[in-house]
Amino acid sequence: MPNLFASSDPGDLFVVRNVGNLIPPCLQVSPETPRGSAAAALEYAVCNLKVKNVIICGHSECGGMRALLEGEANVATTTHLHDWLRHGEDTVQEFKRGRVVTPGLTPINQISQINVLVQMLHVGTYPFISERMASGEIQIHGWWFDIARADVFAYEPEDKAFALVEEAEAERILARLEARRPHGSAT
């Protein structure tokens, strides 16, 4: 429940949840080709609701990431799940190449953090997002929630690491948001 750990009221956040928090990348050869409900929700939030911040939030012990990590044998009889998890193939490739974001995590939690970063890239492939990113109208953020500890971590691009969101980190995030906001615009 993102509203709980984001300290927001019902209606403050437009939340899309799905298996593995996957966003299909836009097809560069035909960007107008529909990419499913996650892409539709993203488009609605940005184009209609004028959302200024998109947060990709993964979590520890994610079942979708477990299915990606364990591979074909466990999804072969679930055709819809198998079809959906193909949007996590970029994540699997990054993991297999040895990418590590936070040393010491279990493989499932490693791939979960990698997935947050990959899905942030996927979000940025949509023209209605990339155009707004270029003009500073929208920002994409990565969060990772450690369920067992009830800790939220925000990805810090400059550090190439997830940082625990506590008071100092919250101030750092707010300062970054303010610095990237176009002059004269409201948050």
Helix-only mean residue ellipticity at 222 nm for the chain, each DSSP H run of n ≥ 4 adding -39500 (n - 2.57), per residue, nearest 500 | -11000 deg cm²/dmol
Based on Cβ point charges of +1 for Lys and Arg and -1 for Asp and Glu, what charge dipole magnitude is obtained for the chain about its Cα centre, in debye rounded to the nearest 20?
-> 320 debye
Specify the longest stretch of the chain that does not include any exposed loop site, a site being one of the GluC sites (Glu not before Pro) with a non-H, G, I, E, B DSSP assignment and at most 11 other Cβ atoms within 10 Å.
-> 33-157
Length-normalised contact order of the chain, Cα under 8 Å, at least 6 apart, in percent, tallies to 24 percent
Neighbour-count order for Ile23, Ile56, fewest beta carbons within 10 angstrom listed first = Ile56, Ile23
Compute the relative contact order of the range 33-139 as a whole-number percentage, counting only Cα pairs closer than 8 Å that sit 6 or more residues apart in sequence.
-> 35 percent
Given R₀ = 30 Å, FRET efficiency for Lys96-Ala179 by Cβ-Cβ distance, to 0.05?
-> 0.25
Convex hull over the Cα atoms of the range 47-149, averaged projected area in nm²?
-> 8.0 nm²
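Taken together, the values in this text are just the output of simple stated rules run on the coordinates, not laboratory data. Nothing here was measured: the structure is a model prediction, and the numbers come from that model. Cβ coordinates were reconstructed from backbone atoms using ideal geometry, including for glycine residues, and neighbour counts include every protein chain displayed.
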